[in-house]
Structure formats: C-alpha cells, structure tokens
Amino acid sequence: MTLGGSVGRVAFQELADSIRSRRVWVFLLLYLAGSVAATILFLNILQKMETHLVSTLGLNPATEPGGVTATLWKSDAFQRMMTQLIGDRKLAESLLSIPPLALFWGWLCLTFGPLLVTLTASVRIAEEVWSGSVRFVLFRTTRLSWVTGKFCGQAVQLLLAFLLSALGAWVVGAVRMNSFEPLPTALALLAFALKAWVYGLAYLGLATAVSQMFASPNVASALSFGVLMVVGMIHGAATFVKAAAWRPTLEILDLLTPAGHRLDLWRPDAAHLVPALVYLVVLAFGYLFLGHLVFRRRDL
C-alpha cells in the first residue's frame with residue numbers, strides 16, 4: 001500500500017474509533033457549547049454597553065443587542081478612532097467591514113482554540129503507546145504513516161468542530177440580535193472557521209509531536225501545555241521587547257511559533273494571508289515530524 005493510502009486508512013480508522021467511543025461527540029459538543037456560551041455572554045455584555053451608551057446620549061433604549069452597535073460600527077468617528085488605535089488603516093477598514101459577532105467569534109477561536117486543541121490532542125499517541133495497542137497497528141503500517149494518519153484524523157475532527165461552533169454562533173446571533181445580517185455574518189464566520197482551523201493545525205502538530213515523545217498520557221498532556229506556554233512566551237517577548245540587541249533572535253524565534261503569524265490572519269490582502277496560511281501548515285508538519293524523529297527510535 002502506498003504512503004498516501006496508508007495514511008488515509010489510518011485517518012479513517014481514527015475517525016471511526018472516535019465515533020465508536022463517542023469521543024468525537026464530546027469533542028464537538030465541547031466546541032459547540034463553548035461557542036454558544038461565549039456568544040451569549042458577548043451579546044449580553046453588548047446589550048448592557050448599548051443600554052449605558054443610549055442612556056448617556058439620551059436616546060431611546062434598544063430592546064435587543066446589536067442595533068446601536070451596527071450604527072456605531074459604520075460611523076465615521078468610530079472608524080477614525082479604530083484606525084488610530086490599530087495604527088493600520090487597511091487593517092482597521094477590513095475589521096470594521098466584518099459583522100461584530102463574527103469578529104468576536106474569530107477572536108475567540110484564535111485565542112482559545114490552541115488550548116482546546118492541546119487538551120484533546122496531546123494524549124492521542126501517548127495513550128495508545130501506554131496501552132500497547134500501537135504494537136498491533138504497526139504490523140500493518142509504518143510508524144510515519146500511522147502518526148501522519150492520526151494527525152489527519154484529528155485535523156478532520158478539528159475542522160468539523162470549528163464549522164459546528166460557527167453554526168452555533170450564527171444561530172445565537174440570528175435569535176438574539178436586532179440588526180442581524182445573515183449572509184455577511186455566515187460568510188465571515190466561515191472564513192474565520194477556516195483560518196482558525198489552519199491556525200489550530202499548527203498547535204495540533206505541536207501537541208502530537210510531544211505526544212510521540214512520551215508513553216504516559218498524563219506526562220504528554222502536562223508537557224504539551226508547558227510547551228504551549230513556552231511558545232506563547234516567545235511570541236510575547238518578540239512583541240514587547242524592543243531592544244535592538246535582542247530583536248533579530250526574537251524575530252527568528254517568533255517565525256517558528258504559530259502566534260507569530262496570527263496577525264496576518266486578520267489582514268484582508270492575499271500578500272499577507274496566503275504566506276501566513278502556508279507557514280502555519282509547514283509548522284504543523286514540521287512539529288509533527290520533529291516529534292517523529294524521537295518516536296521512530298523508541299522501543300515500543
């Protein structure tokens with residue numbers, strides 16, 4: 001069997017096992033529940049802010065969230081203020097062209113998605129090594145095909161999770177918002193779901209790499225979160241440290257982190273977006289195969 005066929009078979013088996021064990025349903029419900037709860041919270045806060053704003057300005061209060069924000073979002077004064085805050089006119093204009101609900105949801109996924117990916121993916125390799133079941137699988141395929149297939153199976157589940165959570169956010173917005181724009185919001189949510197998925201692939205590769213290095217699921221999970229923190233600290237240092245002596249090193253290290261390419265996911269032009277997406281996919285498989293360098297030499 002070819003490498004591609006073997007990878008596809010392992011990926012299909014990963015999906016089948018997840019469905020059979022109900023793990024995929026828990027995974028999908030986790031994303032859906034988080035998306036719906038966060039969207040409801042966002043709309044409740046939005047309504048309170050609008051109530052305070054219209055009270056201050058002496059306007060008639062809105063009964064449902066979104067009406068005042070939609071008007072404010074399109075005002076020239078607010079757009080000028082956002083341009084000054086962001087410091088990039090094109091970026092500010094592109095963000096203000098996105099419905100507020102979709103913008104919030106995109107921020108939510110790009111911020112908390114890595115945590116959920118690490119939580120669910122960090123034990124997938126380690127738990128099968130721990131139980132010994134991997135020995136039976138590796139009689140029929142290579143270690144590289146098995147690891148890559150497991151990664152691809154998890155990637156499909158991750159895509160379904162983001163699409164389902166986007167649908168949940170859209171439904172909440174349609175029910176709760178006064179000035180809801182169905183098609184623009186749906187398109188914006190879909191775009192953010194795909195961007196968040198590619199962004200999440202880099203963290204999926206990182207978690208899978210750590211999972212290949214340790215037999216204990218608990219150790220793999222703990223160290224995956226530790227690596228996640230280290231990667232975040234590198235990006236934080238690259239963002240805030242301005243000393244010239246450190247900038248070249250930090251900029252190179254930042255390129256090796258997923259967060260180093262997150263800002264470009266918000267930009268509308270392909271000149272920034274496409275390289276960021278390519279970098280993230282390369283990082284995903286780079287992390288994955290870095291872990292495989294250890295896994296292929298392990299005594300299973």
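The values are calculated or read from the model by the stated rules, or taken from the named source; none is laboratory data. Everything numeric in this text was worked out from a predicted model, so none of it was measured. Cβ coordinates were reconstructed from backbone atoms using ideal geometry, including for glycine residues, and neighbour counts include every protein chain displayed. We work out accessible area using only protein heavy atoms, side chains counted, and drop any ligands, DNA or RNA first. Shrake-Rupley method; radii C 1.70, N 1.55, O 1.52, S 1.80 Å.
In region 230-265, what residues are open to solvent by 60 Å² or more (accessible area, probe 1.4 Å), among the hydrophobic types (A, V, I, L, M, F, W, C) and outside any helix (DSSP H, G or I)?
Scanning region 230-265 gives A244, A245, W246, L256.
Check off (1) farther than 23 Å from A193 by Cα; (2) free of Cβ contacts under 8 Å to residues at least 40 places away in the same chain; (3) crowded, with 18+ Cβ neighbours inside 10 Å for G291 and give me the number that stays unchecked.
Every listed condition holds for G291 apart from (2).
I'd like to verify a number: residues in region 2-45 that are at pLDDT 85 or above and open to solvent by 50 Å² or more (accessible area, probe 1.4 Å), how many?
Total satisfying the criteria: 11.
Considering only region 266-286, I want to know if a residue exists there that is modelled with pLDDT under 95, assigned to a helix (DSSP H, G or I), within 18 Å of L119 (Cβ to Cβ) and open to solvent by 20 Å² or more (accessible area, probe 1.4 Å).
No, region 266-286 contains no residue that is modelled with pLDDT under 95, assigned to a helix (DSSP H, G or I), within 18 Å of L119 (Cβ to Cβ) and open to solvent by 20 Å² or more (accessible area, probe 1.4 Å).
Kindly indicate whether A186 is farther than 22 Å from L273 by Cα and free of Cβ contacts under 8 Å to residues at least 60 places away in the same chain.
No.
Restricting the search to region 203-229, which residues are open to solvent by 50 Å² or more (accessible area, probe 1.4 Å) and not in a helix (DSSP H, G or I)?
Residue satisfying the conditions is F214 alone.
Tell me, which helices (runs of 4 or more DSSP H) wholly within region 107-201 include 3 or more residues that are buried (at least 22 other Cβ atoms within 10 Å of the Cβ)?
By residue number, 124-131, 143-176.
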